[in-house]
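Q: Structure incoming, see below.
The values are calculated or read from the model by the stated rules, or taken from the named source; none is laboratory data. Source: prediction; values computed, not measured. Backbone-built Cβ (ideal geometry, glycine too); neighbour counts: all protein chains shown. Note: accessible area is taken over every heavy atom of the protein model, side chains too, but ligands, DNA and RNA are not part of it. Shrake-Rupley method; radii C 1.70, N 1.55, O 1.52, S 1.80 Å.
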Amino acid sequence: MKFSLNRELLLKPLLLVSGAVERKSTLPILGNILFDVSGQSLTLTATDLELEMVAYATVDNHAEDGKITIPARKLLDICKSLPDDSMLTFEAINDVIKISTGRSKYSLSTLPASDFPNIEEWQGDVEFKLLKSELLRLIESTHFSMANQDVRYYLNGMSIETEGHEIRSVATDGHRLAICKISNQELELPARQVIVPRKGILEIIRLLDPVDEAVQVFLGANHIRIIDNEFSFTSKLVDGRFPDYRRVLPRNGDKILNANKDELRQVLSRASILSNEKFKGVRLNFGNTELKITANNPEQEQAEEIIGIDFPYEEVEIGFNVSYVLDVLNAIKETDVKFTLADANSSVVIEGGESGEALYVVMPMRL
């Protein structure tokens, strides 16, 4: 097995698959990438048994086709540090891969390709096409609300739902809820709900660019797969039931505040500097003409910010974890935001001023 290719042509697929390489595995082969040369095509595969990433490159093949696994981290570091436009030649001899370019030569230990684990074959029973920009928006609008290492393991991921013309993403950690939906009249999808694990979601964000190119999405009984002309990404699904979030959507909100997102974000960011580092609580006092935001910490330090608002209702005082509200304001792309609230003990609903594509619920905090 012997092949050559340009550094740039190898670096891109290497970076694509490296996210799935297991860094602290007890199985040494999971730290390797499977190289499969067939004619002029090179397929790179990496897996941690939960995720599988496949990427492609074109090579000059000097010998018979073959498969081999190469240590991912070392190969990536070598490729990154080589000069631009280097021409790399790979030659497999027994259990060693020799890499040469110009006057540089490297020998890396390999492991047999036959030991490399493959995610089992499966059929997607729900299939649809979506623009990369739409899929990225769907996930970025909600991913920050996923739980991290919660004992309720089904919260450590994102619910992806299909129904009719709609695709929804839902994430919650029990204190906040984020929902985003995309409607496309060309779609006619069955009702399905799957939970994609946190690592898979973060990997999808890394892979996708906000461009108007379509990707194919397949949902199976135990896997999700995203196929692009440059890569194929597969993740196992979380086996569990996602909570019925519709039951916790507040229905009693009768007070609406429209505000400028950037102004609100700036005053909350400043007030948060003096909030309690552990609980991040801030107090919002909604008056008829002004919103007063206060924060204090155990050192008896205090911040107070006031902005002008139009709030023709009785006054309300609510405490929030300021990080949760800031996450929402950072996710909303519109210039204005809409708060719908009821009283000091009820969750608040936050939406963008116009589109209504995404909806966020934040629980109040006792301060």
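Q: Given the alpha-carbon gyration tensor of the range 115-183, what are the semi-axes of its equivalent ellipsoid in whole angstrom, ordered largest first, with each equal to the square root of 5 times an eigenvalue? All intermediate terms of the calculation are to be shown ahead of the outcome.
A: Numbers: eigenvalues 101, 84, 25 Å².
That gives 23, 20, 11 Å for the three semi-axes.
Q: Among K261, K105, K280, whose mean-square fluctuation peaks in a Gaussian network model of the chain (Cα, cutoff 10 Å)?
A: The residue with the greatest mean-square fluctuation here is K105.
Q: Sticking with this structure for a sec: For the range 316-324, take each phi angle, set θ = phi - 60°, evaluate the Karplus expression 6.51 cos²θ - 1.76 cosθ + 1.60, and give the result in whole Hz per residue in order, putting x for glycine and proline.
A: In residue order, the calculated couplings are 9, 10, 9, x, 9, 6, 5, 4, 5 Hz.
Q: Order the following by accessible area, largest value first: Y153, Y324, Y313. Probe radius 1.4 Å; ligands, DNA and RNA are ignored.
A: Values: Y153 115, Y324 45, Y313 75 Å².
Result, largest first: Y153, Y313, Y324.
Q: How much of the accessible area of the range 1-120, probe 1.4 Å, is carbon plus sulfur, in whole percent?
A: Working: 2990 of 5940 Å².
Answer for the range 1-120 is 50 percent, counting heavy atoms of protein chains only.
Q: I've got another one for you. About the Cα centre of the range 291-360, how large is the charge dipole given +1 on each Lys and Arg Cβ and -1 on each Asp and Glu Cβ? Please answer in debye to the nearest 20. Mind showing how you got there, number by number?
A: Values: 3 positive and 15 negative charges, 31 e Å.
Computed charge dipole of the range 291-360: roughly 140 debye.
Q: Another question about this same structure. Can you give the accessible area of T335 in Å² (nearest 10), computed on protein heavy atoms with a 1.4 Å probe?
A: The accessible area comes out at roughly 90 Å².
Q: Return the Rg/Rh ratio of the chain with Cα-based radii and a Kirkwood Rh.
A: Working: Rg = 25.1 Å, Rh = 23.3 Å.
That ratio is 1.08, to two decimals.
Q: Further, regarding this structure: For the range 9-68, what Kirkwood radius comes out of the mean inverse Cα-Cα distance, in Å?
A: Working: mean 1/r = 0.0839 Å⁻¹.
In the range 9-68 this quantity evaluates to 11.9 Å.
Q: Here's something else I'd like to know. For a label point 7 Å from the Cα of K12 along Cα→C-beta, name the residues of the range 81-106 whose backbone N is under 17 Å from it.
A: 84-88
Q: Need the full-extension length gain, D150 to D212, defined as separation in residues times 0.36 nm minus the C-alpha distance. One decimal, nm. The partial results should precede the final answer.
A: Numbers: separation 62, 0.36 × 62 = 22.32 nm, distance 3.52 nm.
The D150-D212 span can extend by a further 18.8 nm.
Q: Separate question: Once you have all Cα-Cα distances for the range 223-336, histogram them in 10 Å bins from zero and send the whole-percent values.
A: Per 10 Å bin, starting at zero, the Cα-Cα P(r) for the range 223-336 comes out as 11, 31, 27, 16, 12, 2 percent.
Q: Okay, moving on. In whole percent, what relative contact order does the chain give with Cα contacts below 8 Å and a gap of six or more residues?
A: Numbers: 833 pairs, mean separation 46.8, N = 367.
Rounded, it is 13 percent for the chain.
Q: From the phi angles alone, apply the Karplus equation (6.51, -1.76, 1.60; θ = phi - 60°) to the range 124-140 and give each ³J(HN,Hα) in whole Hz, x where the residue is Gly or Pro.
A: Karplus values, whole Hz, x for Gly and Pro: x, 9, 10, 9, 8, 10, 8, 5, 3, 4, 6, 5, 5, 5, 4, 7, 5.
Q: Once the mean 1/r over all distinct Cα pairs of the range 248-291 is inverted, what Kirkwood radius in angstroms do you read off?
A: On the way: mean 1/r = 0.0787 Å⁻¹.
Mean inverse Cα-Cα distance, inverted, gives 12.7 Å.
Q: Please state the shape class of the range 83-130: rounded when a/c is under 1.5, otherwise prolate if a/b exceeds b/c and oblate if not, all from the C-alpha gyration tensor.
A: On the way: a/c = 5.88, a/b = 1.81, b/c = 3.26.
Oblate.
Q: Could you calculate the contour length gain from D85 to L249, that is, 0.36 nm times the residue separation minus the distance between their Cα atoms, to one decimal place in nm? The partial results should precede the final answer.
A: Working: separation 164, 0.36 × 164 = 59.04 nm, distance 5.52 nm.
Gain on extension, D85 to L249, equals 53.5 nm.
Q: Roughly speaking, what % of Cα-Cα pairs in the range 1-129 are separated by over 23 Å, rounded to a whole number? Present the calculation step by step, with values, prior to reporting the outcome.
A: Numbers: 2405 of 8256 pairs.
The share of Cα pairs beyond 23 Å in the range 1-129 comes to 29 percent.
Q: In percent, what relative contact order does the range 149-234 have, based on Cα pairs under 8 Å that are 6 or more apart in sequence?
A: Numbers: 122 pairs, mean separation 19.4, N = 86.
Relative contact order of the range 149-234: 23 percent.
Q: Hey, in the GNM for the chain with a 10 angstrom Cα cutoff, which one of D336, D239, D85 fluctuates hardest?
A: D85
Q: Tell me, what ³J(HN,Hα) does each residue in the range 329-346 have, in order and in whole Hz, if you take phi through Karplus 6.51 cos²θ - 1.76 cosθ + 1.60 with θ = phi - 60° and put x for Gly and Pro?
A: With coefficients 6.51, -1.76 and 1.60, one gets 5, 6, 7, 6, 8, 7, 7, 10, 10, 10, 9, 10, 9, 10, 8, 5, 9, 9 Hz.
Q: Within 10 Å of each candidate Cβ there may be at most 15 other Cβ atoms; applying that plus a DSSP loop requirement, which GluC sites (Glu not before Pro) in the range 99-137 survive? Walk me through the numbers on the way to the answer.
A: Working: sites: E120, E121, E127, E134; in loops: E120, E121.
Passing both the DSSP loop test and the Cβ count: E120, E121.
Q: What are the residues whose amide H is under 5 Å from the amide H of E290, where those residues sit 5 or more places off or on another chain and H is modelled from the backbone?
A: Correct list: I309.
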